[in-house]
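Here the structure comes first, spelled out in structure tokens, and everything after it is commentary.
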Amino acid sequence: MPSSHADLVVVANRLPVEETTEGTGDDARTTWTRSPGGLVTALAPIMQRTGGTWVGWPGKAGLELDPFTADRIDVHPVALTRQEVKRYYEGFSNATIWPLYHDVIVDPEYHRDWWTSYVQVNTKFAEAAAEAAPKGALVWVQDYQLQLVPRLLRQLRPDLRIGYFHHIPFPPVELFGQLPWRADIVNGLLGADLVGFQRTGDASNFLRAVRRFTEFSTRGSVATIKRRGRPDRYVRAERFPIAIDSAAFEDLAARPEVEKRALEIREELGSPDVLLLGVDRLDYTKGIRHRIKAYGELLADGKLRPPGTTFVQVASPSREHVEEYAELRRQVEVTVGRINGDYSALGRPAIHYLHHSYPAEEMAAMYRAADVMLVTALRDGMNLVAKEYVAARADLDGVLVLSEFTGAADELTQALLVNPHDIEGLKRTILAAIDMPHAERRRRMRAMRKRVMDHDVASWAKMFLDALATTPRTDV
Ligand code: G6P
């Protein structure tokens, strides 16, 4: 019933559409086109079929827009001022919550004015959702930027069924407990009827935080919310691992022009015997420095020799106004420069470092071209690049090296799993991946493909929405 359920309202920090300008000068025309990304791909068809509204920020400070329709989705923009972008988005979301929830890889900063802004912006989103939602609608709130929205929205609209999905890790209470506003965050999430996580461990960390920082008790995956000492509502916290549009990605990678492009890429790189690939947002959680260090040492040890072996690292620009991201960029670029200075031949760099984003076709061609895919995140909620690589390899070739600290490692157990902090282990695993016999490569890829092709993002969304629509809310 629920996937055909009318009246779905999605609330996410970003809108599912991006402003693009066609033409120049007087002829310039602004249109809104669908953004790339799994969530949009999963939810757009559902919303186009049944009608629905997407509440989100258009991505530019100060941009105020009336609601509009794009790509057959009703879009309800939430405007953010320059100061809100600084304090709520760059500050509290991405310099407090993001590092705290990713094992404090960098130090989270706790600033009261960032928190105040986070509360204000979450209130704006909740008000926008309350305005957009028809009576009794399903509202699906997305991710760590909006953890207070479920409770704020329930206060405004008790008639709604509210779901929340947390795309990033939920940390153990020993770390989460650092947050001065930990009880507010847990109570914010408990405004939902269903709280979804990537891994079972994330859901149990959350349930432990409920017991530790609120007066509520939990039993199995359910928290009981009491009012005046009596049970009032139930909140379920469970695992719903996110996926990709597997069939579409497989089809894309199998297109003749993409296959041709994959061959061309290898030629452009000087037809190496071995092509290693990394694809990430330029984020300190992704373990890019650890990966480059291991590769640099393998070159220094003479275990790998460019140009016979080469490494392409795509690092797409991200959150560039947050200091830790700017610092990471400097560190990566210095290290790449040093390794290239030491080991490149004329016109044949040892590392091809690309600080861009690419269209999906080009990414699919790179995945097809790569012998070994390196996913070495220090902590990652899921990591969809790993799943994209597997979906692209219908030829059953290619080896995935995957960090055990990703959500994807729970599902892709046939990858070569690594602890990226263990540089010696990482080096050994990279060599093992390069030397893996053909039959073993096929066996592992076939097993991983079964998982990725059977569990796609449409079934993920359906499972969550079905669970949300059928979650008992009160003790009846
Ligand atoms: C992660 C988060 C998303 C976020 C994305 C891009 O995947 O879980 O919520 O949208 O990164 O980050 P950005 O800050 O550019 O939205």
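Taking VAL186 and the conditions (1) open to solvent by less than 10 Å² (accessible area, probe 1.4 Å); (2) away from the ligand (no atom under 16 Å from the Cβ); (3) touching a residue at least 40 places away in the same chain (Cβ under 8 Å), which numbered condition does it fall short on, given that it satisfies the others?
It fails just one condition, (3).
Can you tell me how many residues in the stretch 53-81 are among the basic types (Lys, Arg) and away from the ligand (no atom under 16 Å from the Cβ)?
Residues in the stretch 53-81 being among the basic types (Lys, Arg) and away from the ligand (no atom under 16 Å from the Cβ): 1 in total.
How many of the residues in the stretch 298-307 are surrounded by fewer than 16 Cβ atoms within 10 Å (Cβ to Cβ) and either outside the structural domain of LYS427 (by TED's automatic domain parsing) or closer than 26 Å to ARG330 by Cβ (or both)?
Result for the stretch 298-307: 1.
If only one of PRO180, PRO231 is more than 17 Å from GLY381 (Cα to Cα), in contact with an Asp or Glu (Cβ under 6 Å, 6 or more places away or on another chain) and surrounded by fewer than 17 Cβ atoms within 10 Å (Cβ to Cβ), which one is it?
After applying the criteria, what remains is PRO231.
Any residue that is of a type in the set (Ser, Thr, Tyr), under 23 Å from the mean Cα position of the chain (by Cα) and assigned to a helix (DSSP H, G or I) - is there at least one of those in the stretch 156-179?
No, every residue in the stretch 156-179 fails to be of a type in the set (Ser, Thr, Tyr), under 23 Å from the mean Cα position of the chain (by Cα) and assigned to a helix (DSSP H, G or I).
Evaluate the stretch 208-221: report whether one residue or more is within 16 Å of the ligand (Cβ to nearest atom) and modelled with pLDDT of 95 or more.
The initial filter retains those residues of the stretch 208-221 that are within 16 Å of the ligand (Cβ to nearest atom), namely none.
Checked against the condition, which is being within 16 Å of the ligand (Cβ to nearest atom) and modelled with pLDDT of 95 or more, the stretch 208-221 yields no hits at all.
Of all residues in the stretch 246-285, how many are more than 25 Å from ASP435 (Cα to Cα), more than 16 Å from the ligand (Cβ to nearest atom) and assigned to a loop (DSSP other than H, G, I, E, B)?
1
Report whether or not HIS290 is out of contact with any strand residue (DSSP E or B) (no Cβ under 6 Å at 6 or more places or on another chain) and in a loop (DSSP other than H, G, I, E, B).
Numbers: out of contact with any strand residue (DSSP E or B) (no Cβ under 6 Å at 6 or more places or on another chain): yes; in a loop (DSSP other than H, G, I, E, B): no.
No, not satisfied.
Looking only at strands (runs of 3 or more DSSP E) that fall completely inside the stretch 308-418, which ones have 3 or more residues that are over 24 Å from ARG255 (Cα atoms)?
By residue number, 309-316, 351-354, 399-403, 416-418.
So in the stretch 114-150, with the set limited to residues that are of a type in the set (Phe, Trp, Tyr) and open to solvent by 20 Å² or more (accessible area, probe 1.4 Å), which one is farthest from the ligand (Cβ to nearest atom)?
My answer is TRP115.
One residue is enough: does the stretch 295-306 have a residue meeting the conditions part of a loop (DSSP other than H, G, I, E, B), within 16 Å of the ligand (Cβ to nearest atom) and either in contact with a Gly (Cβ under 8 Å, 6 or more places away or on another chain) or without any contact (Cβ under 8 Å) to a residue 24 or more places away in the chain (or both)?
Checked the stretch 295-306: no residue is part of a loop (DSSP other than H, G, I, E, B), within 16 Å of the ligand (Cβ to nearest atom) and either in contact with a Gly (Cβ under 8 Å, 6 or more places away or on another chain) or without any contact (Cβ under 8 Å) to a residue 24 or more places away in the chain (or both).
In contact (Cβ under 8 Å) with a residue 60 or more places away in the chain, among the small types (Gly, Ala, Ser), surrounded by 22 or more Cβ atoms within 10 Å (Cβ to Cβ) and more than 15 Å from the ligand (Cβ to nearest atom): is that true of GLY381 in this structure?
For GLY381, the condition - in contact (Cβ under 8 Å) with a residue 60 or more places away in the chain, among the small types (Gly, Ala, Ser), surrounded by 22 or more Cβ atoms within 10 Å (Cβ to Cβ) and more than 15 Å from the ligand (Cβ to nearest atom) - is not met.
Looking at the stretch 383-411, which of its residues are among the small types (Gly, Ala, Ser) and more than 15 Å from the chain's Cα centre (by Cα)?
Hits for the stretch 383-411 are ALA391, ALA392, ALA394, GLY398, SER403.
For the stretch 88-113, what are the residues that are within 15 Å of the ligand (Cβ to nearest atom), open to solvent by 10 Å² or more (accessible area, probe 1.4 Å) and assigned to a helix (DSSP H, G or I)?
TYR89, GLU90, ALA95, TRP98
Cβ contacts < 7 Å: first residue under 17 Å from ASP395 (Cα atoms), restricted to the stretch 252-272; second residue assigned to a helix (DSSP H, G or I) and of a type in the set (Val, Ile, Thr), any location; separation 6+ or different chain. Result?
LEU252/VAL258
Identify, please: which residue in the stretch 35-52 is open to solvent by 20 Å² or more (accessible area, probe 1.4 Å) and near the ligand (Cβ under 10 Å from one of its atoms) and is, among those, nearest to LEU8 (Cα to Cα)?
The selected residue is LEU39.
The values are calculated or read from the model by the stated rules, or taken from the named source; none is laboratory data. Being a predicted model, the structure only gives us computed values, none of them experimental. Every residue, glycine as well, gets a Cβ built from its backbone with ideal geometry; the counts of neighbours run over all protein chains shown. With ligands, DNA and RNA removed, areas are computed over all heavy atoms of the protein, side chains included. Shrake-Rupley method; radii C 1.70, N 1.55, O 1.52, S 1.80 Å.
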